[in-house]
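The values are calculated or read from the model by the stated rules, or taken from the named source; none is laboratory data. Values in this document were obtained by computation on a predicted structure and should not be read as measured data. Neighbour counts are summed over all protein chains in view; Cβ atoms, including those assigned to glycine, are modelled from backbone coordinates with ideal geometry. Ligands, DNA and RNA are stripped out before the accessible areas are found, and what is left, the full protein with its side chains, is counted by its heavy atoms. Shrake-Rupley method; radii C 1.70, N 1.55, O 1.52, S 1.80 Å.
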Amino acid sequence: MPTEAEERWNKDGTVLRDAIIAAGYEAELTFAQDKIEQQNADIENAIVKGAKIIVIGAKDGSAVGPAVEKAREAGIKVIAYDRLIMDTDAVDYYVTFQLEKVGELEANYVIEKLGLDKGEKGPFNIEVFTGSSDDNNAKFFFKGAWELLQPYFASGVLVSPSGKVTADFTVDNWQDISIDSWKMENAQREMESRLAKYNGGETPLHAVLSPYDGISQGVINAIETSGMPWKAGTENWPWITGQDATNYALYNINMGTQGETVWKDTRVLATKVAEICVQILKGETVATDATMNNNNIEVPSVLLDSVSVTKNGASDAKDTQSVQDVVDSGYTTEDQVKPYE
Ligand code: GAL
């Protein structure tokens, strides 16, 4: 897994490892601490230890190429976990969620909250962020969102006071607004500098398209520490999106600072990958439902489904569940996400 520092990869790794062990095999879980060299060393270790399959949540989808090529040469199957491994033939399978749908859910939340689908003309101010420039996923999340939001930029209904995106911004420019390593601190710094264009809060901020809960948290911190006169839960607080249904985001949603997150049930992802591992080890056929291009080959892929999560769920927007639904599913517990009394 790419890092232990983020909540989700711990959950992913643990569920995956435990499912493989429960099926009667041995499994070892390592974290690369967001470092390319560490991940390459982890992969090389697995090769030396005689792994039959290596599952990789890539820190850097391209930089991991040479390491997986060594695995391929050693006859080991390689599964790209959630993030596609790029620019190499040495990937056997890719399992993730429908990537563009994540961005569509986020954009639709903004569209519904601002009433754009009802013909509201604004103009509304929005800040737009993309994920890490070394992660192919980030481009697709943005693509899904931008295809829905760009027309509103073209008609002048949405504007970005920071000037970071304009109507002629294209999906191919996505790395211009990337948050390196998806890190909260990097997002906070970037948002602080964008807030300089908001005249101490006199210019309103209506929405923030954030592709990941850690980035959303950075944005919230920036707003709160910069002394903006905007208050969560009131009309002057922006609608902020996210992804991963992390505990801190669900908590923020309960508190009213973050509006939405996209919930990709990582238990389903990890369980699916464990199932594929067992099929490979038993010599059975692995069923896939799509292919994803990694610049070298079409990688056989499984693309899972996701939903939006807001405080109130379906009454907020379509394709949406509530924080309570996430708790009820056992994905987290009430006390990890409940707001202060
Ligand atoms: C992406 C992943 C997201 C989020 C992000 C930051 O690759 O698809 O769900 O976890 O990394 O970790």
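Miscellaneous remarks
- Checked against the criterion of being surrounded by 24 or more Cβ atoms within 10 Å (Cβ to Cβ), of a type in the set (A, V, I, L, M) and within 16 Å of the ligand (Cβ to nearest atom), the candidates 268, 208, 219 yield just one match: 219.
- Selection count where residues are open to solvent by 10 Å² or more (accessible area, probe 1.4 Å) and farther than 11 Å from residue 61 by Cα, scope segment 126-140: 2
- Selection within segment 72-85 - open to solvent by less than 20 Å² (accessible area, probe 1.4 Å) and not charged (D, E, K, R): 76, 78, 79, 80, 81, 84, 85
- Conditions (1) outside any helix (DSSP H, G or I); (2) more than 20 Å from residue 99 (Cβ to Cβ); (3) out of contact with any His (no Cβ under 7 Å at 6 or more places or on another chain); (4) of a type outside the set (Gly, Ala, Ser): number failed by residue 126: (3)
- Qualifying residue in segment 22-30 (condition: small (Gly, Ala, Ser) and surrounded by 20 or more Cβ atoms within 10 Å (Cβ to Cβ)): no
- Any chance residue 146 is within 23 Å of the chain's Cα centre (by Cα), on the phi > 0 side of the Ramachandran plot and not acidic (Asp, Glu): no
Table: residues versus (1) away from the ligand (no atom under 16 Å from the Cβ); (2) at negative phi; (3) in contact (Cβ under 8 Å) with a residue 12 or more places away in the chain; (4) out of contact with any Phe, Trp or Tyr (no Cβ under 7 Å at 6 or more places or on another chain).
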position: 75; (1), (2), (3), (4): yes, no, no, yes
position: 107; (1), (2), (3), (4): yes, yes, yes, yes
position: 112; (1), (2), (3), (4): yes, yes, yes, yes
position: 115; (1), (2), (3), (4): yes, no, no, yes
position: 123; (1), (2), (3), (4): yes, yes, yes, yes
position: 132; (1), (2), (3), (4): no, yes, yes, no
position: 135; (1), (2), (3), (4): no, yes, yes, yes
position: 155; (1), (2), (3), (4): yes, yes, no, yes
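Okay, residues lined up against (1) more than 30 Å from residue 198 (Cβ to Cβ); (2) in contact with a Gly (Cβ under 7 Å, 6 or more places away or on another chain); (3) among the small types (Gly, Ala, Ser):
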| site | (1), (2), (3) |
| --- | --- |
| 235 | no, no, no |
| 251 | no, no, no |
| 260 | no, yes, no |
| 263 | yes, no, no |
| 301 | yes, no, yes |
| 310 | no, yes, no |
| 314 | yes, no, yes |
| 320 | no, yes, no |
| 332 | yes, no, no |
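- Conditions (1) touching a Ser or Thr at 6+ places or on another chain (Cβ under 8 Å); (2) open to solvent by less than 10 Å² (accessible area, probe 1.4 Å); (3) of a type outside the set (Gly, Ala, Ser); number of the one not met by residue 247: (2)
- Residue match in segment 176-187 (condition: assigned to a loop (DSSP other than H, G, I, E, B), under 23 Å from residue 5 (Cβ atoms), basic (Lys, Arg) and out of contact with any Pro (no Cβ under 7 Å at 6 or more places or on another chain)): yes
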